[in-house]
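Student: Encoded as structure tokens, here's the structure I'll be asking about.
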Amino acid sequence: MSKVSVRPITFYFRGQKQQIDTLSPTTTVLQYLREYVGSDKTRQTGTKEGCAEGDCGACTVVIGELVNDQLQLHSVNACIQFLPTLDGKALFSVEDLQTLSSSTEAHLHPVQQAMLEYHGSQCGFCTPGFIMSLWSMYENEAEMPSRATVTDYISGNLCRCTGYRPILDAAQKAFDYPKMMLERQNIIDELKQMQDLPPLQLSYLHQQFFAPKTLREFATLRQQYPQARIVAGSTDVGLWVTKLGRELGDLLYIGQVPELKNIKVQAGRLEIGANVSLSDALSKITEIYPDFADLQRRFASMPIKNAGTLGGNIANGSPIGDSMPALITLDAALRLRCGEQTREVNLADFYLDYQKTALQTGEFVETILIPIREPSTAFKFASYKISKRFEQDISAVCAAFYCELDKNNVVQSIRIAFGGMAAIPKRAFNAEKVLLGQSLTPERIEQAQVALAKDYQPLNDGRASAAYRLQVAQNCLQRFYIEKIKQSSVARLDDLIALVEV
Ligand SMILES: Cc1cc2nc3c(=O)[nH]c(=O)nc-3n(C[C@H](O)[C@H](O)[C@H](O)COP(=O)(O)OP(=O)(O)OC[C@H]3O[C@@H](n4cnc5c(N)ncnc54)[C@H](O)[C@@H]3O)c2cc1C
Ligand code: FES
Ligand code: FES
């Protein structure tokens, strides 16, 4: 027998409830659409496959979820989302826009009409993906968005032939046509009914998929199946299947646990549940630390941030993960849970070796804890991502700096951390030692730059050479000094000259 399931995967699609219980839990939403939808083989091939790794956006679909009884719509990459993660949600692909616009003469939605009229498509391969990113924007933005907002929405879509200017034009012009909004109430009613379903549990061949609905249930299953792979947004895990062809074994999906979706402020700390999306988590951190905005903007693309979680970024422990250097310098900690027991670990101590963390058997990341500074604390913070492309690229180096200065500009406290410079995200203790208790001057910064060479022996790889990485890390320290410590433009110019001369 190939499958046993307590109940089928249940989600809203094409105007009605869909139930699936015949597919492997690692079937992607894209495979489902293109290869399996409809028993009569009416496959839905509008959604395209380009890269199958979340990079190109040809597969962009929109997911609807109930949040406080309202339907929240966001774009994701269908190629790396596993089908069971749709349970209790609504799925929209490009064909849905046909239904929405069926009453119009042209049978086109305003975003499609605008793409046509403003020449936003040539070969058309990327077009369904762009249309879905733009549709999520159309539904989410009350008024015509700025160019910068459109750029954020299409940050996960690549076009090889048209060029982006006509697409940006079309994205804005769509708001000039007569409105055509999704009728939401029926979908909300369907999703509400699905909330009462028991937790999803699938068995397929030798693989099990669990999607518990409470924290306690999740913690118990984690202890019962410590070998099971936790799946959050699957923006890392998905690629292990689509690119590496790995068998993942049993899967424990964290995405249905409401307690892990909370963001709150408690005892002077921002507490972010492990299952909060990168979009929400990075926005909240930026509200508290406005200098986080650069990193928020440069982190992946909108669909990846909508699906991926901060907990997943931290637990995955990639040496080039972007959130960790900044969070280490902000002195973040993690609350880890095993059954009913919790313990706290400083994020800086969480990484033991390459892809090895302090997580013990049966344990998982429950909450990310970020101290909020007293308003009286004078501090400087910055994080810089260095990558070949501005949008949607992996860092060669990711730098973060935090320091507190007294009124004489003497460093009272300092933390410097880098990604891409070692096997783990790591603090630069030697450089920090040079700066602690000292007035910051160009000469002192230069000494700290030299000390960085003692802190790190970076790797040579396809992304960057060791020499480049070290040089870039040193330059980032200089940039922090110039941008954040010396603020007047005259001082900046003087310092630049001084630093170039030494
Ligand atoms: C196109 C693309 C662009 C990307 N760009 C960036 C980028 O710019 N910067 C960057 O840093 N990353 C980037 N990533 C990587 C990825 O998006 C992030 O690491 C993301 O935060 C992973 O979160 P997730 O929820 O998708 O994790 P998943 O893929 O679901 O899980 C990742 C790992 O964490 C484990 N895990 C998840 N949650 C927990 C938990 N609560 N407790 C214990 N273990 C857990 C899983 O078992 C798995 O080992 C990119 C990925 C793609 C595909
Ligand atoms: S196929 Fe390229 S992002 Fe999914
Ligand atoms: S229109 Fe050809 S790739 Fe975009």
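The values are calculated or read from the model by the stated rules, or taken from the named source; none is laboratory data. All values reported here derive from a predicted model rather than from experimental measurement. Cβ atoms come from the backbone with ideal geometry, glycine included; neighbour counts cover every protein chain shown. All accessible areas refer to the heavy atoms of the entire protein, side chains included, with ligands and DNA or RNA removed. Shrake-Rupley method; radii C 1.70, N 1.55, O 1.52, S 1.80 Å.
Student: Can you tell which of G50, G38 is farther than 24 Å from L202 by Cα, out of contact with any strand residue (DSSP E or B) (no Cβ under 8 Å at 6 or more places or on another chain) and outside any strand (DSSP E or B)? Please lay out each step first, then the result.
Tutor: Values: G38 fails: farther than 24 Å from L202 by Cα.
None of the other options fit; the residue is G50.
Student: Right, here's the next one. Give me the pairs, please: first residue somewhere in the range 453-465 and in contact (Cβ under 8 Å) with a residue 40 or more places away in the chain and among the charged types (D, E, K, R), second residue anywhere and open to solvent by less than 70 Å² (accessible area, probe 1.4 Å) and part of a loop (DSSP other than H, G, I, E, B), beta-carbon distance under 7 Å, and either six or more positions apart or on two chains.
Tutor: Close Cβ pairs (under 7 Å, with a partner that is open to solvent by less than 70 Å² (accessible area, probe 1.4 Å) and part of a loop (DSSP other than H, G, I, E, B)) amount to R463/A396.
Student: Does T10 qualify as being assigned to a loop (DSSP other than H, G, I, E, B), modelled with pLDDT of 90 or more and open to solvent by less than 60 Å² (accessible area, probe 1.4 Å)? Break it down stepwise before answering.
Tutor: On the way: assigned to a loop (DSSP other than H, G, I, E, B): no; modelled with pLDDT of 90 or more: yes; open to solvent by less than 60 Å² (accessible area, probe 1.4 Å): yes.
Considered against the rule, which asks whether it is assigned to a loop (DSSP other than H, G, I, E, B), modelled with pLDDT of 90 or more and open to solvent by less than 60 Å² (accessible area, probe 1.4 Å), T10 comes out as no.
Yes/no per residue for (1) of a type in the set (A, V, I, L, M); (2) farther than 27 Å from Y456 by Cβ:
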position: Q341; (1), (2): no, yes
position: A348; (1), (2): yes, no
position: Y351; (1), (2): no, no
position: Q360; (1), (2): no, yes
position: I368; (1), (2): yes, no
position: P371; (1), (2): no, no
position: P375; (1), (2): no, yes
position: F390; (1), (2): no, no
position: N408; (1), (2): no, yes
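Student: So for the range 368-381 (the condition being farther than 30 Å from T149 by Cβ, at pLDDT 95 or above and not β-branched (V, I, T)), does at least one residue qualify?
Tutor: yes
Student: Related question: Which one of the conditions (1) touching a residue at least 60 places away in the same chain (Cβ under 8 Å); (2) surrounded by 18 or more Cβ atoms within 10 Å (Cβ to Cβ); (3) outside the structural domain of K192 (by TED's automatic domain parsing) does N140 fail to meet, given that it meets all the rest?
Tutor: Condition not satisfied by N140: (2).
Student: Oh, and also: In the list T26, T60, which residue meets the criterion of being touching a residue at least 60 places away in the same chain (Cβ under 8 Å), more than 11 Å from ligand 2 (Cβ to nearest atom) and touching a helix residue (DSSP H, G or I) at 6+ places or on another chain (Cβ under 6 Å)?
Tutor: Answer to the check: T26.
Student: Which members of the range 52-76 meet the condition of being out of contact with any Leu (no Cβ under 8 Å at 6 or more places or on another chain) and either away from ligand 3 (no atom under 16 Å from the Cβ) or among the charged types (D, E, K, R) (or both)?
Tutor: V67, N68, D69, Q70, H74, S75, V76
Student: Shifting gears a bit: Within the group E404, E391, E432, which residue is open to solvent by 30 Å² or more (accessible area, probe 1.4 Å), more than 16 Å from M324 (Cα to Cα) and touching a helix residue (DSSP H, G or I) at 6+ places or on another chain (Cβ under 9 Å)?
Tutor: Answer to the check: E391.
Student: Another question about this same structure. Can you pull out the residues in the range 236-252 that are in contact (Cβ under 8 Å) with a residue 24 or more places away in the chain and on the phi > 0 side of the Ramachandran plot?
Tutor: G249
Student: Is it the case, given these coordinates, that D152 is within 16 Å of ligand 1 (Cβ to nearest atom) and modelled with pLDDT of 95 or more?
Tutor: Criteria met by D152.
Student: Same structure again: How about the range 263-291: which of its residues are free of Cβ contacts under 8 Å to residues at least 24 places away in the same chain and either surrounded by 13 or more Cβ atoms within 10 Å (Cβ to Cβ) or on the phi > 0 side of the Ramachandran plot (or both)?
Tutor: I263, A267, D280, S283, K284, T286
Student: Given the residues R160, R165, R216, which is the only one that is open to solvent by 70 Å² or more (accessible area, probe 1.4 Å), within 16 Å of ligand 3 (Cβ to nearest atom) and at pLDDT 95 or above?
Tutor: R165
Yes/no matrix, rows are residues, columns are (1) open to solvent by 90 Å² or more (accessible area, probe 1.4 Å); (2) closer than 19 Å to K284 by Cα; (3) touching a Leu at 6+ places or on another chain (Cβ under 9 Å); (4) outside any loop (DSSP other than H, G, I, E, B):
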residue: R337; (1), (2), (3), (4): no, no, yes, yes
residue: T342; (1), (2), (3), (4): no, no, yes, yes
residue: V345; (1), (2), (3), (4): no, no, yes, yes
residue: L352; (1), (2), (3), (4): yes, no, no, yes
residue: E366; (1), (2), (3), (4): no, yes, yes, yes
residue: I370; (1), (2), (3), (4): no, yes, yes, yes
residue: P375; (1), (2), (3), (4): yes, yes, no, no
